[in-house]
Amino acid sequence: MPVSLLWAVDVYGRVYSLSTGGGLWEQCRDAHMEFKRVTAAQQCCWGIACDNNIYLNLHASDLPVRYQEETYENQRWNPVDSFSDRLLPSDRWQWSDITGLQHQPLDGFLLPSDSWEWEGDWHVDENFEGEPTEKVGWTYAIDFPAYYTKDKKWNSCVRRRRWLRYRRFRSMDTWAKILPQQTTLPDPFSDISCGGWEINEEPRGRLSLWAVSLQGKVWFREGIYHLNPEGSVWEEVSLPGEVIQISCGPGDLVWAVLWEGQLLVREGVSRDCPKGTSWVTVDSPSPDVGATHVAVGVNVVWALTKDNKVWFRRGINSHNPCGSGWINMVGEMIMINVGLNDQVLAISSEDRAVYFRQGVTSSELSGKTWRAITVPRDGDRSHSSASASSLQSAGIYFCGEVRAQSAVSDVESERGCTDGAAGLVTSSSPESLVDAPTDQPVETPKPRIPKVTSDSFISELVSDREPAKTSREETPPAVLEEEPLAVEEDLKDPCAGVAVPPQDPQWCNVDLEEAQIQQTGLVLDSVDTCSLSSVATYTLAMEDPYGADERPLWAWVSGGGCNVDSHSQLNWFNSMNASSLVQSVQSMSLSVSPAQTAAWRRQIFEQLSERTKREMDNFRHYEQAIEQSVWVKKGTMQWWRDWKPYKWIDVHFALEQFSGAEGNKDGILFIYYNFYEEKKYLHAFVNDVTILVPVLNDSKHSFAIYTPERTKQRWPIRLSAATELEMQDWLALLSVSCCDSRGIQGPPSKQAAWSITCKGDIFVSEPSPSLEAMPYPTPCDQMFWRQVGGHLRIVECNSVGIVWGIGYDHTAWVHTGGYGGGFFQGLASSTDNIYTQSDSKSVYIYENQRWNPVTGYTNRGLPTDRYMWSDSSGLHECTKTNMKPPSPQWTWMSDWSVDYSVSGGADRDGWQYAADFPASYHGHKTLKDFVRRRRWARKCKLTTTGPWQEVPPISLSDVTILPCAAQINVDVVPLWAISNKGDVLCRLGVSTLTPAGSSWLHVGTDQPFKSISIGAGSQVWAIAKDGSAFYRGSVSAESPAGDSWYHIPSPAKQKLKQVSVGRTSVYTVDENSNLWYRQGVTPSYPQGSSWEHISNNVRKVSVGPLDQVWIIADKVQGSHGLSCGTVCHRLGVQPMEPKGQSWDYGIGGGWDHITVRGNCMEPPRIRLPSLGGLASQSSCPVSTEANGNAVEC
């Protein structure tokens, strides 16, 4: 999970941030004034300063905020001046917007604020609908407005061209003042809250910002999104009363608190109306005490009353934003806030500490217990390494407690041992207290405890360090007197003898309706454990001049940008940072000189050499003892019968594996079935199995077994297990057996080919040197593929072992060098470099309607129409109730919502219109439109494991890595990528030691891109979203980002979608699945000259460092029909014939991506005695293309 920030403001107005991966409050040093309140999102933080102005802190990113300004220059032809700026009185402005109604001269564009700067001067856009224009960007038409073309005709009387200029937001990681567009606001703001970025699939970066003025008015900030982070204008929202505080959640929840103590709920908040339509009043949780504070999340609402009681609102959802009732929770707080994933943070009324609500999950939104965040600040001297060293030398640590916890809370899950080195850092909980006596009592003088003030974070400290002998009748004093601190020897058990004050209530949720206060003291004894659920741990030493009352006092906290879930590992609950301990250990290691280290290594090597000679060399003449064994694993499964009628039948499945005399392993698969009461069987040698593919769906836990013959037929052996666990056990066992029979172990090699199925499963194959040999290459269907843990949509590699992947949710991942994960266990998976990986995607269904004269559009269609709820093809019925996730591995993470991001556009309700089913859809209704449809989306999530680590924080849609040759050594490997917004990025610092790189370098473009590829000669090609091709010039090691883009014309009447560049070859695939080769590419003219059509029915293409060509093809003929998603290899590719000759079909169908950009093994050179007749004598079965097609249709 990427690192995110928790923001807070102390009572002195200083702003701090706490990272989810760190353990230190870091002060915002650039804040030149004090702040009152802050509200955070993942990409920014808003605040109200002491001057009552609103400020924005936008987090710095490698991806800049660039806004494109555009204007059009219009000209008309006349017989005297030809084309000139002399227009007719009825014409549009000479400089206007695209409609011609608004006057936009070049000097009329001004920067919105001082936070922006111009990126360059005005320039002409020479791209028109994916094609480069002639005559400096002019497009021609008969008149204004009309259809424009890039070619001038005899009747072209007007022309126009587009001018572009970019401005960049420069105030990153600093507080930028938001100027009110009005002359002055009526009164200053007193509260602020941001949210709304999840309203019905709103485009990423769009925010809703609400503010409250001192007079109780509510204001809404319009126009905030990722290209305009400051917003545009404030608009007042009408109210039924005066508001003192407001809270906005990530979705459509907006609550406010009135001066009288009642609460307001905003209704009608939607994608088209983020401000909402009306207010609904909700009574205060307590009839006698009014509400003072409210905090909302996605599905939760928390509130505080004037007596500092905490309340939880039940029954909250998008359909019922008002909820159904209040539940009194434990604790007394003065401020509360809800962050991402409905996680709750609050500030205690007693000690002004920030508390985190533990146990908040989707099934238990109220959580379990409060836990204080006890990390130090970056300005605390007590956190320095010198202080830590003194603490270690003193060996004395004290644990303080605030409140006791009930025995039924989650104390057991938060206990741990603190012995040995781990005992240097101890902590305690506000909700549990464990007394851990040592086995051997140590005589130590009674430490003298400093005096604690009434507003201190710890109300009592320990007065006795000996093993606990306190009975339940004994109670510690409320306030301990200050005495000089005495230290004579280290204590073996720092947590022994700790008692709990009896008068405090228990902070836990035993019963959500009420919290019973225990009036008797509670002491929990334990032999070997002490609490790790820390609220505060004070470390005292003679050198530390700070007292216990110098802890931070917090006034405000905001978790809107803090991404924490129930599985997150946080370092927020330790009072002493472990970095000081690490520094002390490192300082001890400095005493060892390099000469001593070299001597030790030499001595160890000599001893190992002598041992090897003694234990192995003296016994080499003996015959090696190898056990020749046979073992069999049997089970009952179901098998998809090969002949009609095709159906699942019960079979007995067996794997017989044996070891040969030389230690080699092999095996046989047996499938025993009954045919007309006659017992028969199928068998397949393990050494013949080329791939094992899991085929999970909602009804069967099945997998497919391919052999070379089965691959040619496109008809694998399909087996189904009773449970998913049983299927995973068989897959792991069969995969290990296949790898053992072929002698394959460990992680993939640097030369490996990677592929991904349509379901996101990752496979890797070790290529043989003869795979590209001529004229006898290794057949593609004989390649062995093994699965690698993880889940991806795209994977790219190169020959130095750098592998990157992109998930369905656009998250970037880098390969760690491990192997296994997923369903692999034991020897089939590495013990390290395996991490948790998550992925998410949307499932789509379509709602279809037909128009009739009586009722208009309705869900009653013609008998020949598609289902009224269907998939994209309309052939399968898919409703909201019967639609399930893609497989049992996926779980729903949202509800169904209308998807507006559809090709062709949609109206405000998400409908697309057409003349009939199926047809070309558009987003506006015409008189000829008799049918309409809209797409519904629902997100699902998958969690697995694999050798992948996340590369935050920018989401990517494509990535490419320099395909290095075998003899070339590259220290820094160029890596290019495209963000999910279409920005082109260049990764810096990528090497074999740091495959994830260090930072991104943004490369400017005039339009968003969708595909990119870098060749072995550092030539960079890219495809824009309009289907046009571009070449990046002057890319080198000295200039990794190049200097400029060169527009390359696309093939006639085609829009490109993907590009792949090898050593000298450039291949592209268009939106009609045609494969194109760029002719004339030379070092002196890298842009090439023209496009040549190679094949059709191509989905993806990958060109390797030796110009080898591999594709994913559709409509490949098999024994039972056409197969989509087949891996194909181009044969006959040579330096003199880079286009190749024919296709060889490999594994498939069901594949979606392949990359061979890591295979730089030169094929063996075969000297033939005679070239005549060898083509007909070749025993290698290959498939030839017919009419230029990659398939046999």
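Worth pointing out:
- Exposure ranking of V854, V984 by accessible area [1.4 Å probe, largest first]: V854, V984
- Amide H contacts under 5 Å for S349: E332, M333, I334, restricted to partners 5 or more places along the chain or on a different chain, H placed in the peptide plane at 1.01 Å from N.
- Were the residues from Y776 through I142 laid out at 0.36 nm apart, the gain over their Cα-Cα distance would be 222.2 nm.
- Multiplying the residue separation of H319 and E1092 by 0.36 nm and removing their Cα-Cα distance gives an extension gain of 272.7 nm.
- Per-residue packing, averaged as other Cβ atoms within 10 Å, sorts the ranges 747-756, 1079-1088 into the order 747-756, 1079-1088, beginning with the highest.
- Cβ-derived FRET efficiency at R0 60 Å, E606 paired with S1036, nearest 0.05: 0.80
- Centre-to-centre, using Cα atoms only, region 648-688 and region 1053-1115 are separated by 43 Å.
- Under 5 Å between amide hydrogens, built in the peptide plane, is the criterion, and for Q912 it picks out R933, R934 among residues at least 5 positions away or on other chains.
- For the pair region 910-973 / region 830-890, the C-alpha centres are spaced 17 Å from each other.
- Potential lengthening of the chain between W896 and D283 amounts to 217.6 nm, from the contour at 0.36 nm per residue minus the alpha-carbon distance.
- Taking the three principal axes of the alpha carbon atoms in region 1046-1126, the coordinate ranges are 50, 31, 15 Å, sorted in descending order.
- What separates the Cα centres of region 299-343 and region 239-285 is a distance of 14 Å.
- Its Cα centre serving as origin, region 1026-1065 has a Cβ charge dipole (Lys and Arg +1, Asp and Glu -1) of approximately 300 debye.
- Taking only Cα atoms of region 894-1036, radius of gyration then Dmax in Å: 20.8, 66
- Per-residue HN-Hα couplings for region 633-644 [Karplus 6.51, -1.76, 1.60; θ = phi - 60°; Hz; x = Gly/Pro]: 10, 10, x, 10, 9, 10, 10, 7, 5, 6, 10, 6
- Rh (Kirkwood; distinct C-alpha pairs) - region 820-893, Å: 16.2 Å
- Averaged over residues, the count of other Cβ atoms within 10 Å places the peptides 804-810, 119-125 in the sequence 804-810, 119-125, highest first.
- Residues of region 1043-1081 with an amide N closer than 14 Å to a point placed 7 Å from the Cα of S903 along the Cα-to-Cβ direction: 1054-1058, 1070-1074.
- Ordering of 1108-1117, 163-172 by burial proxy (mean other Cβ atoms within 10 Å per residue, highest first): 1108-1117, 163-172
- Using the 1.4 Å probe convention, the accessible area of region 821-870 works out to 58 Å² per residue with neighbouring protein chains retained.
- For region 834-844, 3J(HN,Hα) computed residue by residue from phi via the Karplus equation (6.51, -1.76, 1.60; θ = phi - 60°) reads 10, 10, 6, 10, 10, 8, 9, 7, 9, 9, 10 Hz, glycine and proline entered as x.
- 18 Å cut-off, amide nitrogen to a point 7 angstrom out along E26 Cα→Cβ, residues in region 988-1020: 998-1000
- Accessible surface of region 814-906 [probe 1.4 Å, protein heavy atoms]: carbon and sulfur percent: 51 percent
- Share of carbon and sulfur in the accessible heavy-atom surface of region 178-324 [1.4 Å probe, %]: 48 percent
- Probe 1.4 Å, protein heavy atoms only - accessible area per residue of region 1-60 in square angstrom: 38 Å²
- Think of a 1.4 Å ball rolled over the protein heavy atoms: region 214-349 then has 35 Å² of accessible area per residue.
- Debye log10 I(q)/I(0) at q = 0.09, 0.14 Å⁻¹ for region 693-815, Cα point scatterers: -0.29, -0.72
- The lysines within cross-link reach of K177, meaning a Cα-to-Cα straight distance under 20 Å and a gap of 8 or more places when in the same chain, are K36.
- When the alpha-carbon atoms of region 1-145 are used, the pair Rg, Dmax equals 24.5, 76 angstrom.
- Within the accessible area of region 944-1032 (1.4 Å probe), percent carbon and sulfur: 53 percent
- Rounded to the nearest Hz, the phi-derived 3J(HN,Hα) couplings of region 1152-1157 under the Karplus curve 6.51 cos²θ - 1.76 cosθ + 1.60 (θ = phi - 60°) are 10, 7, 8, 9, 10, 6, where x marks glycine and proline.
- Cross-link table K841/K928; K700/K1100; K759/K981; K759/K928; K153/K1100; K150/K981, entries beyond 32 Å C-alpha to C-alpha: K841/K928; K759/K928; K153/K1100
- Across all Cα pairs in region 1058-1102, the calculated P(r) in 5 Å bins from zero up to the longest distance comes to 6, 25, 32, 21, 12, 4, 1 percent per bin.
- These residues, M1161, M329, go from largest to smallest accessible area, 1.4 Å probe, as M1161, M329.
- Solvent-accessible surface (1.4 angstrom probe) belonging to F573, in square angstrom, nearest 10: 20 Å²
- Distance in nm between pseudo-label sites at Y646 and A915 (7 Å out along the Cβ direction from Cα): 3.7 nm
The values are calculated or read from the model by the stated rules, or taken from the named source; none is laboratory data. Computed from a prediction, not measured in an experiment: that's the story for all the values here. Ideal geometry is used to build each Cβ from the backbone, glycine not excepted, and the neighbour counts take in all protein chains shown. Side chains included, ligands, DNA and RNA excluded: accessible areas come from the protein's heavy atoms. Shrake-Rupley method; radii C 1.70, N 1.55, O 1.52, S 1.80 Å.
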